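Structure first, then comments.
Taken together, the values in this text are just the output of simple stated rules run on the coordinates, not laboratory data. Everything quoted here is computed from the prediction, not taken from an experiment. Cβ placement follows ideal geometry from the backbone for every residue including glycine, while neighbour counts extend to all protein chains displayed.
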């Protein structure tokens, strides 16, 4: 089921005093080119995931809140659910992979959520979360395949339009598809001429394959585990997300690992923005794949988060990975 512009506007009203109203920051590229970055790393949990999680949990009735919620996540959604659940006084149980970055595991625990660890495959997280839902009668808070989640993430699109009404191109990372589904709906329903481009790592290019084939495609856990982008390791996009992507997204491109690393360094030194690998893919696309992206003087790249392991960040900065 496709969400409406009103769904996103309602979420915006709800989130007005919860999510940070992130700005657009100019970022200079080579040859005198410039993009504008939307730094969702500035959210209280360091990523955009707070928007959808809060919108979803706030929509639950008193009986559902009393039962508690369960979610599965590689990290950022976990923190979003934990933060929203704590704010709304709801018990949260979150299934995470053992391979999740320690910085994300520790931050989720610090917010009071109960964590259940499983293997690296996204199917393992989904299966365990479904088991807990049935055993403990918990209410699921999906990471992306949910209308309330999508509407919450779509508030980013409304903010972009407020700051740049004549925006020409918007780039968004794609993992499961929740972020781009909401942003694309907000933008296309408000300004149909804007081009929406999804970006994903080449080792997790399921969304690109799905858009090309017209049906949901998946990639192996072995392949997705090869990317630094732990937030984009979903093996397939959600069915609800796919419907939004097919209707509103103009193209999906992929970026290489070395391009992502260079983009992280560039964002830090050019725009003073700390991005995790998943958040840097859009800038990497503009730096290395500009010929695949429609030309525009008003291009926005969403930096979805900044929760990067300190050791990994150090290695990227000095060029050892």
Relative contact order (%) - criterion: Cα under 8 Å, at least six apart; region: the chain: 21 percent
Length gained when the stretch residue 212-residue 318 is fully extended (0.36 nm per residue, less Cα-Cα span): 34.4 nm
Cβ-derived FRET efficiency at R0 30 Å, residue 110 paired with residue 269, nearest 0.05: 0.50
Between segment 306-320 and segment 193-235, the Cα center-to-center distance that results, in Å: 23 Å
Option label - Rg and Dmax of the Cα atoms in Å computed here, alternatives (i) 21.6, 85; (ii) 27.9, 79; (iii) 17.9, 58: (iii)
Full-stretch length increase - residue 251, residue 63 - with 0.36 nm per residue and alpha-carbon distance subtracted: 63.5 nm
Rounded Å value of the spacing that divides the Cα centres of segment 266-304 and segment 67-142: 29 Å
Förster-model FRET efficiency, 45 Å R0, residue 191 and residue 135, C-beta, rounded to 0.05: 0.45
DSSP bridge orientation in segment 50-140 - percent antiparallel, rounded to nearest 5: 0 percent
Cβ-Cβ FRET estimate between residue 292 and residue 16, R0 fixed at 45 Å, reported to 0.05: 0.80
Bridge type composition, the chain - antiparallel percent by DSSP, nearest 5: 15 percent
Principal axis box of segment 50-140, alpha-carbon based, largest edge first, Å: 34, 26, 18
